[in-house]
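Asks: I have a structure I would like to understand better, so I am pasting it below and will then ask my questions one at a time.
The values are calculated or read from the model by the stated rules, or taken from the named source; none is laboratory data. If you're wondering where the values come from, they're calculated on a predicted model, not measured in any experiment. Here the Cβ positions follow ideal geometry from the backbone for every residue, glycine too, while neighbour counts run over all protein chains shown. Surface accessibility is based on the protein's heavy atoms, side chains included, excluding ligands, DNA and RNA. Shrake-Rupley method; radii C 1.70, N 1.55, O 1.52, S 1.80 Å.
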2 protein chains.
Amino acid sequence: MIIDCHGHYTTAPPALQAYRDAQLARLADPARPVPADPAISDDEIRQTIEPNQLRIARERGTDLTIFSPRASHMGHHIADPATAVAWARVCNDLVGRVTTLFPGNFAGVCQLPQVANAPLAASVAELDRCVTELGFVGCNLNPDPSGAWWTSPPLTDEYWFPLYEKMVELDVPAMIHVSTSCNPAAHTLGAHYLNADTTAFMQLLMGDLFGRFPTLRFVIPHGGGAVPYHWGRFLGIATRENRPPVETLLMNNVFFDTCVYHQPGIDLLLQVIDVGNVLFGSEMVGAVRGIDPETGRYFDDTKRYIDAAELTEAESAQVFSGNARRVYPRLDKVLRERGL
Amino acid sequence: MIIDCHGHYTTAPPALQAYRDAQLARLADPARPVPADPAISDDEIRQTIEPNQLRIARERGTDLTIFSPRASHMGHHIADPATAVAWARVCNDLVGRVTTLFPGNFAGVCQLPQVANAPLAASVAELDRCVTELGFVGCNLNPDPSGAWWTSPPLTDEYWFPLYEKMVELDVPAMIHVSTSCNPAAHTLGAHYLNADTTAFMQLLMGDLFGRFPTLRFVIPHGGGAVPYHWGRFLGIATRENRPPVETLLMNNVFFDTCVYHQPGIDLLLQVIDVGNVLFGSEMVGAVRGIDPETGRYFDDTKRYIDAAELTEAESAQVFSGNARRVYPRLDKVLRERGL
């Protein structure tokens with residue numbers, strides 16, 4: 001079985017965006033009414049999933065996608081807590097319906113109603129709701145809710161601990177995933193996403209978060225940002241900063257996905273990072289949707305790169321499903337119950 | 001001949017830091033006197049260069065280093081223009097003395113007296129002084145003088161054009177290099193430096209700067225940040241954003257150094273990026289000073305990785321000197337005059 005750990009509902013029906021627009025209009029003009037939840041039929045959901053994520057997954061031969069709301073639309077920079085709560089609930093409910101309509105193909109991961117530097121109680125509550133009521137298996141955690149202004153403390157700061165406590169209690173991991181960039185200097189997909197991955201890893205390297213939360217788990221997407229390419233640099237900085245060995249400090253708790261869109265990048269990732277820390281992911285349908293003129297294949301068809309990499313069958317099974325089942329034990333439990 | 005395009009005077013005599021401390025003390029208390037220029041003898045300079053950069057270069061078999069003031073101490077976040085001008089002048093004069101004392105071993109690159117969002121006239125003047133009076137061959141350009149708050153416009157914005165006009169007039173390139181991070185979220189060496197490299201490349205990809213300045217040249221250090229590892233992502237985003245081919249849009253003007261501190265990273269860089277766009281660099285003595293326990297060699301001994309890479313003799317000569325002589329024509333001219 002092949003589990004794609006990184007998919008977003010980027011193709012949601014237009015009623016979702018209309019709801020968001022109404023939310024933002026009301027923030028600009030509080031005289032407007034609170035928007036009603038978007039009316040989206042099951043058929044509309046099917047029509048946006050079947051010809052997109054589901055078709056592509058079938059074509060590529062992947063089985064199940066760990067699925068979350070569209071990352072760039074999480075919009076945590078909209079600094080109104082009530083708006084954030086309602087928006088996360090609506091987005092998560094919609095993902096929940098996808099997982100109900102296609103239980104064999106999708107497992108849910110939730111968006112949190114984060115607001116930069118605001119207390120995390122609402123995020124804790126939404127995570128609890130999504131996991132215990134909707135059957136979700138993880139969450140997306142935004143290390144920079146300001147949208148590329150980086151106003152939040154590092155992930156090792158106790159500001160984040162209430163969320164970590166809930167994650168540990170529920171035994172769910174977080175993917176560290178920012179949302180859109182509001183900073184003209186940082187392109188969302190080409191700079192902010194990758195920078196956030198690198199920044200988060202370095203924050204973790206400088207702290208001892210997993211000494212305090214030994215079972216806390218993070219997936220750093222986009223192949224770990226710049227980290228595997230600069231693995232020697234990170235080991236060297238760790239030495240210089242008198243950090244414990246990276247293997248024990250981080251690598252029982254930190255995992256990278258395979259959203260790296262060419263063969264040399266995937267080869268490097270699998271050469272440098274222990275295979276037990278790499279989870280298959282494609283971010284399909286995501287940031288990079290085109291066809292690579294050199295290969296004639298979709299850039300984000302990352303399964304092909306892994307198939308072409310020098311892995312044993314056992315290693316390949318780890319990357320394609322074993323690691324995901326270990327990092328997302330609630331997914332593993334569901335799959336076991338289904339005899340998978 | 002082997003040219004290291006990326007070295008900083010990280011070992012400068014303590015009088016330099018004492019001068020900086022006096023500058024900052026005066027900013028806090030304007031009643032203090034303007035500090036006198038640091039008194040540093042030629043012998044002190046020799047004693048900080050010979051057992052450090054020069055010894056290591058000889059041990060590694062490199063000949064000449066393109067040398068600039070310590071990047072993390074440029075301190076452009078200190079938002080006082082007069083302080084920035086004096087600090088850049090003092091730092092550049094010291095690098096100038098290094099190039100005078102060791103003319104066969106060092107060529108100068110200057111620090112600019114940048115202040116976030118302030119006019120660039122002082123930077124233009126300092127660049128002109130360093131090139132025409134001190135014989136420097138390039139400059140370091142900080143795309144984020146705020147120190148990891150990213151308050152400046154993208155490098156494609158006309159804010160930067162006065163500097164580019166001077167660079168074109170003098171025919172000198174800039175290395176895109178940030179200074180220390182003032183943002184607790186972003187570690188200077190492990191996050192901010194790499195993020196800046198990635199961010200700058202993406203800014204250039206979204207603009208048409210070299211259509212306007214066809215002879216402008218940038219070196220993006222640290223192996224291009226995350227860019228080569230994610231080359232497929234950048235090509236895919238370029239397609240998605242309807243950008244012209246990256247080769248013609250950027251790769252006549254943008255170059256990456258080899259400050260990537262392990263063999264797989266260098267192998268990927270040389271596999272993905274045209275060899276004509278890669279300049280040997282080590283950042284020695286720089287961010288990563290330790291010995292890799294796996295190899296028993298210094299992490300930043302990047303010459304070894306390149307020697308071990310699969311390059312023809314001609315390609316190797318390009319990376320080790322030919323490209324640098326092309327990107328830094330004022331250096332090439334000096335070398336030719338010496339019969340090199």
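Asks: So what's the net charge close to residue A:305: Lys and Arg +1, Asp and Glu -1, counting the other residues with Cβ under 12 Å from its Cβ?
Replies: With Lys, Arg at +1 and Asp, Glu at -1, the net is -2.
Asks: Report the FRET efficiency, 1/(1 + (r/R0)^6), for residue B:52 and residue A:337, where r is their Cβ-Cβ distance and R0 is 41 Å, rounded to 0.05.
Replies: Rounded to the nearest 0.05, the efficiency is 0.05.
Asks: I've got another one for you. For residue B:129, what is the net charge nearby, where nearby means another residue's Cβ is under 10 Å from its Cβ and Lys, Arg count +1, Asp, Glu -1?
Replies: Spelling it out: positives minus negatives among the neighbours equals -3.
Asks: Taking Cα pairs under 8 Å and at least six residues apart, what relative contact order does the range B:123-259 come out at, in percent?
Replies: 24 percent
Asks: Additional query: Probe of 1.4 angstrom, ligands and nucleic acids ignored: what's the accessible area per residue over the protein assembly as shown, in square angstrom?
Replies: I get 36 Å² per residue for this part.
Asks: Another question, then. Return a whole-number percent for the relative contact order of chain B, with Cα pairs under 8 Å and 6 or more residues apart as the contact set.
Replies: 17 percent
Asks: At 0.36 nm per residue, and after removing the present C-alpha to C-alpha distance, how many nm does the segment from residue B:251 to residue B:128 gain when stretched out fully?
Replies: Stretched out fully, the residue B:251 to residue B:128 stretch lengthens by 41.7 nm.
Asks: Let me ask you something else. Please give the residues from the range A:153-184 for which the solvent-accessible area of heavy atoms, probe 1.4 Å, is smaller by at least 10 Å² with all protein chains in place than with the chain isolated.
Replies: Buried by 10 Å² or more upon assembly, which counts only protein chains, are A:154, A:183, A:184.
Asks: Residues of A:196-202, mean number of Cβ from any other protein chain within 10 Å of their own Cβ, rounded to a whole number?
Replies: That works out to 6 on average.
Asks: If you don't mind, there's one more thing I want to ask. Could you tell me the extents of the range A:17-56's C-alpha atoms along the three principal axes, largest first, rounded to whole Å?
Replies: Each principal axis gives a Cα extent; for the range A:17-56 these are 43, 17, 7 Å.
Asks: A follow-up question, please. Go through A:165, A:283 and list them by solvent-accessible area, largest first, probe radius 1.4 Å.
Replies: A:165, A:283
Asks: Can you pull a Stokes-Einstein diffusion coefficient for the range B:178-318 at 25 °C (0.890 mPa s), Rh from Kirkwood over Cα pairs, as a whole number of µm²/s?
Replies: 153 µm²/s
Asks: Within the accessible area of chain A, what % is carbon and sulfur when the probe is 1.4 Å and the other protein chains stay in place?
Replies: Answer for chain A is 52 percent, counting heavy atoms of protein chains only.
Asks: Can you give me the solvent accessible area of residue A:89 with a 1.4 Å probe, rounded to the nearest 10 Å²?
Replies: 80 Å²
Asks: Output the residues of the range B:206-233 meeting this criterion: accessible area (heavy atoms, 1.4 Å probe) in the chain alone minus accessible area with all protein chains in place is 40 Å² or greater.
Replies: B:229, B:230, B:232, B:233
Asks: Further question: Contact order normalised by length for the range B:200-340, with contacts defined as Cα pairs under 8 Å and 6 or more residues apart; what percent is it?
Replies: For the range B:200-340, the relative contact order is 22 percent.
Asks: A further question on this structure: For the range B:1-85, take the alpha-carbon Rg, divide it by the Kirkwood Rh, and send me Rg/Rh.
Replies: Rounded to two decimals, Rg over Rh is 1.07.
Asks: Which of these, A:79, A:314, A:324, has the largest mean-square fluctuation under a Gaussian network model of chain A (Cα springs below 10 Å)?
Replies: Most flexible of the set in this elastic network: A:314.
Asks: Using the scaling law 2.2 N^0.38 Å as the reference, what is the normalised Cα Rg of the range A:54-98?
Replies: That works out to 1.49 for the range A:54-98.
Asks: Right, here's the next one. Gap in Å between the Cα centre of the range A:277-338 and the Cα centre of the range B:72-150?
Replies: Here the two parts' Cα centres lie 47 Å apart.
Asks: Quick check: net charge around residue A:42, other residues with Cβ under 14 Å of its Cβ, Lys/Arg +1 and Asp/Glu -1?
Replies: -2
Asks: Need one number: % antiparallel among DSSP beta bridges in the protein assembly as shown, to the nearest 5.
Replies: Once the DSSP bridges in the protein assembly as shown are tallied, antiparallel ones form about 10 percent.
Asks: Based on the Cα gyration tensor of the range A:80-181, what are the three equivalent ellipsoid semi-axes, each the root of five times an eigenvalue, rounded to whole Å and given largest first?
Replies: Taking √(5λ) for each Cα gyration eigenvalue gives 23, 15, 12 Å.
Asks: Can you pull the semi-axes for chain B, root of five times each eigenvalue of the Cα gyration tensor, sorted largest first, whole Å?
Replies: 29, 25, 19
Asks: Write down, largest first, the equivalent ellipsoid semi-axes of the range A:238-283 in whole Å, where each equals the square root of 5 times an eigenvalue of the alpha-carbon gyration tensor.
Replies: They are 24, 12, 8 Å, listed largest first.
Asks: Follow-up question, since we're still on this one. Any idea of residue B:21's accessible area? Nearest 10 Å², probe 1.4 Å.
Replies: Result for residue B:21: roughly 80 Å² accessible.
Asks: Could you work out the percent of alpha carbon pairs in the range B:11-135 separated by over 20 Å, rounded to a whole number?
Replies: 46 percent
Asks: A further question on this structure: Give the percent of DSSP beta bridges with both residues in chain A that are antiparallel, rounded to the nearest 5.
Replies: Antiparallel bridges make up about 10 percent of those DSSP assigns within chain A.
Asks: Cα-Cα pairs above 31 Å in the protein assembly as shown: how many percent?
Replies: Within the protein assembly as shown, distances greater than 31 Å cover 53 percent of Cα pairs.
Asks: How big a patch of accessible area, both sides summed and in Å² to the nearest 100, lies buried between B and A at a 1.4 Å probe?
Replies: 4300 Å²
Asks: Considering every residue in A:257-264, what mean count of other chain Cβ atoms within 10 Å of its Cβ is obtained?
Replies: 5
Asks: Can you work out D for the range B:108-239 in µm² s⁻¹ from Stokes-Einstein, where Rh is the Kirkwood radius over C-alpha pairs, the temperature is 10 °C and the viscosity is 1.306 mPa s?
Replies: My calculation gives 104 µm²/s for D.
Asks: Please list, or write none, the lysines whose alpha carbon is within less than 20 Å of the alpha carbon of residue A:333, excluding same-chain residues fewer than 8 places away.
Replies: The reachable lysines, counting only those whose Cα sits under 20 Å from residue A:333, are A:166.
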